[in-house]
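**Student:** Have a look at this one.
Taken together, the values in this text are just the output of simple stated rules run on the coordinates, not laboratory data. Model, not experiment: these values are computed from the prediction. Note that we place each Cβ from the backbone using ideal geometry, even for glycine, and neighbour counts take in every protein chain shown.
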Amino acid sequence: MRQVSRVSWREFPVGWREEEGQNVWEGTFADYLSLVKADPRLARSAHTRMYDMIVRAGVESTPQGKRYAFFADSLFGVEAALERLVEEYLRPAARGLDARRRILLLVGPVASGKSTLVALLKRGLEEYSRTDEGALYALKDCPMHEEPLHLIPASLRPEFFRRCGIRIEGELCPYCRLMLREVYGGRIEDMPVRRIFISEPDRIGIGTFVPSDPKSQDLAELTGSLDFARITRYGSESDPRAYCFDGELNRANRGLMEFQELLKVDERFLYLLLSLAQEGNFKAGRFALISCDTVVVGHTNEADYRRFRADPRNQALCSRLFVLPFPYTLRVDAEVRIYHRLLSQGDLRAHLAPRALRAAAVFSVLSRLEAPRLPDADLLKKLRLYNREEGAAEPGSLTAEDLAVETTREGMSGVDPRLVFERLGSAVVAAEEGGCLTPGAVLDSLEKGLRSYPGPSGPERERLLDLLGLAREDYHREACREVGRVLAEEFAAEARGLFQRYVNEVRAYLDHRAGGQEADEEFLRRLEAYLGIEPAGRRAFREEFLRWWDSFGQGQGFDYRQHPEMRQAVEEILLFELGGRLQAQEEPAEAAGGRAVIRRLVEERGYCPVCAAELLHCAASAPAGEVEGGEPAGAHRAPLPPGHGPGGGGRPPSLSEAPAE
């Protein structure tokens, strides 16, 4: 029997006990007033506290908008929705404007991150309340943990605002009103106050409501209920001591109230939200309206929201909603981060190929995009523009903003993410046998799932299978680009020589027009074919290129890769020449050039021998694949003349016949 080592409690840090003790504070209302005068932030509303919590973590301004560090490790690719949440809802609400009278409703497809967002806000409030900046105080023994300033009578509040600049909204709950009268004789300065910490497990400052069977669900879940055992003791149902203020709204006071599937709750509960949203109070038992300061957040799917809005009976509540569309991400890099986060929560025992998760992400994002209606654009180009990939946006051509304008509800539909998560899990387990989770294995697993999954059927399944084919095409392009760059590094001297040869021949061409030596026109045309230069534009391109070279390129430390088009051409040439040779090999990885590529992939780029061999095989078996986009290399371009491109054997001969400048 395997021996299990015993773990001593002494091995764990115990400093948390001291930290907990340092945060404890109790005093009278008079003591609390001194604290408030020193730091008025203690009397913030729930909306203000949540806004300050998010901003405190850090805000970064980018050309695409603001990014909030608070969400950075959990929500990816939904920056626009998060910016609207903070800037259009929480910020105005924190200033006391009308947004605070709105219920925040997150509307989006399944698994888009709505529940994750609410969970982040809950955990953030819990942690923030334990900091000095987020300190929170309440009347001791109050079942609703209410703001102590509610003790100040309405007649004194204007004077308090004039002196302290704090506007007091809300009234004492029935229980505290009774305690003030019966126990403390109306002496508000003697009422005890203590510091509280928001906690979902302890039901302090956080409430959650989940709809169930309308016939069995009672409003008491939200507003509390009578304790019949106490009625005989206190003699009246209207005595606050005979009432249990333990509903979700009671407990959510000062923090956040979550309504899961908000629009599926019974009408009785929705009516309760009308007063809560507009006036900040609700009705419970035989008491006056009870004040409640909380951020009400609901989430639902788009279909339920449309049905709810179409019903005329719901107009009053619709006008009290702040609807925040929460779509899927449309950026491949962000989707990859989501998959990384999911896999990090499990036990991954196989090597993860660098582009494995991108293969799944490309398929997922493609299913969310609307087909572009503008010319010179297709789904893959749109995907690359949205992902802001290198070389995707050419000067003077379409931009991501151009394509986004023509969309209506992009990101609000797509393949069910849970299908993708399921197939990734299957691929991870299967990869343990081969030792590596490769892009090919991920795509094969997705195809198997699409053909057997009971969800999409008919035309929708065929559409998804077509998109999977586009994802394979993208992988081929990525493989060609990766191998092309590795070749350019492996054969760096030849790549530089090829580029320098082009510079010299262009200069000779322009000098010949002025009476100089004739240039090698065949070499120029062959290389420019890889650049996609049309015959009518060759002269203008050469003149512009030479002007660029004379003004910038001759500087010390120049690298031909600083010219994007030329970098593309050099990598395509190397890939095309090597790919043509490897295609004739039964095992491309066994060829001399293939071994060099695999070595660099493994040593420098995070590949293992398994996924490196797959990447090389993919690039070698499809020499017509793309390197940087555009038309396939080799589909209409002839190879360079002998001596102008990589030759046979292991290492190409030198491509530079003229001395470097």
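**Student:** Ranked from highest to lowest mean number of other Cβ atoms within 10 Å per residue, what is the order of the peptides 159-171, 353-365?
**Tutor:** Per-residue mean Cβ counts within 10 Å order the peptides as 353-365, 159-171.
**Student:** Can you list the lysines whose alpha carbon sits under 26 Å from that of residue 283, skipping same-chain ones fewer than 8 residues off?
**Tutor:** Residue 283 reaches 122, 140, 215, 264.
**Student:** Here's a follow-up. Could you check the spin-label model distance between residue 73 and residue 319? Points 7 Å from the Cα along Cα→Cβ, value in nm.
**Tutor:** My value for the distance between the label points is 4.4 nm.
**Student:** Once both labels are modelled 7 Å past Cα along the beta-carbon direction, what's the residue 457-residue 203 spacing in nm?
**Tutor:** 4.5 nm
**Student:** Right, here's the next one. Could you tell me the calculated FRET efficiency between residue 39 and residue 115, based on Cβ-Cβ distance and R0 = 35 angstrom, to the nearest 0.05?
**Tutor:** That pair, residue 39 with residue 115, gives E of 0.55.
**Student:** Let me ask something else. Enumerate the amide H contacts of residue 137 below 5 Å, restricted to partners 5 or more residues apart or on another chain; note that Pro and chain-start residues carry no placed amide H.
**Tutor:** When sequence neighbours closer than 5 places are left aside, the close amide H contacts are 196.
**Student:** Now for a different question. So, R0 is 25 Å and r is the distance between the beta-carbons of residue 187 and residue 167; what FRET efficiency does that work out to, to 0.05?
**Tutor:** 0.55
**Student:** Now a separate question. Let me check I've understood the local charge: for residue 79, count other residues with C-beta under 13 angstrom from its C-beta, Lys and Arg +1, Asp and Glu -1. What total comes out?
**Tutor:** Net charge around residue 79: +2.
**Student:** Please state the shape class of the range 165-272: rounded when a/c is under 1.5, otherwise prolate if a/b exceeds b/c and oblate if not, all from the C-alpha gyration tensor.
**Tutor:** It is oblate, given that a/c is not under 1.5 and a/b is not larger than b/c.
**Student:** Rounded to the nearest 0.05, what FRET efficiency do residue 288 and residue 210 give with R0 = 45 Å and r taken as the Cβ-Cβ distance? Could you check?
**Tutor:** With a Förster radius of 45 Å, E is 0.95.
**Student:** For the range 94-223, what relative contact order do you get, as a whole percent, if you take Cα pairs closer than 8 Å and at least 6 residues apart?
**Tutor:** The normalised contact order for the range 94-223 reaches 24 percent.
**Student:** Check the straight Cα-Cα distances from residue 66 and name the aspartates and glutamates below 15 Å, setting aside those fewer than 8 residues away within the same chain.
**Tutor:** Residue 66 reaches 79, 83, 87, 88.
**Student:** Please give the per residue volume of the convex hull enclosing the alpha carbon atoms of the range 422-540, rounded to a whole number of Å³.
**Tutor:** It is 146 Å³ per residue.
**Student:** In addition: How large is the direction-averaged shadow of the alpha-carbon convex hull of the range 193-351, in nm²?
**Tutor:** Average of the hull's projected areas for the range 193-351 equals 15.0 nm².
**Student:** Beta carbons within 10 angstrom, averaged per residue: use that to sort the peptides 324-334, 250-260, 109-119, 58-68, highest first.
**Tutor:** 250-260, 324-334, 109-119, 58-68
**Student:** Which cross-chain or sequence-distant (5 or more) residues have an amide H under 5 Å from the amide H of residue 295, H modelled 1.01 Å from N in plane?
**Tutor:** Placed amide hydrogens put 255, 256, 257 under 5 Å from residue 295.
**Student:** Taking the Kirkwood radius as the inverse of the mean 1/r across Cα pairs, report the Rg/Rh of the range 90-217.
**Tutor:** 1.02
**Student:** Could you please state, rounded to a whole Å, how far the C-alpha centre of the range 458-522 is from the C-alpha centre of the range 207-283?
**Tutor:** 67 Å
**Student:** Shifting gears a bit: Step by step: find N for the range 242-296, compute 2.2 N^0.38 Å, then divide the Cα radius of gyration by it. What's the final number?
**Tutor:** 1.10
**Student:** Over the Cα atoms of the range 42-125, how large are the radius of gyration and the largest Cα-Cα distance (Dmax), in Å?
**Tutor:** In order Rg, Dmax, the Cα atoms of the range 42-125 give 12.6, 38 Å.
**Student:** While we're here: Name the residues whose placed amide hydrogens come within less than 5 Å of the amide hydrogen of residue 193, ignoring near sequence neighbours (fewer than 5 apart) on the same chain.
**Tutor:** Amide H neighbours of residue 193: 27, 28, 29, 140.
**Student:** Cβ neighbours within 10 Å, averaged per peptide: list 477-487, 502-512, 433-443, 608-618 in order, most packed at the top.
**Tutor:** 477-487, 608-618, 433-443, 502-512
**Student:** Moving to a separate point now. Under the 0.36 nm per residue contour assumption, what length would be gained going from the current alpha-carbon distance of residue 540 and residue 154 to full extension?
**Tutor:** 130.9 nm
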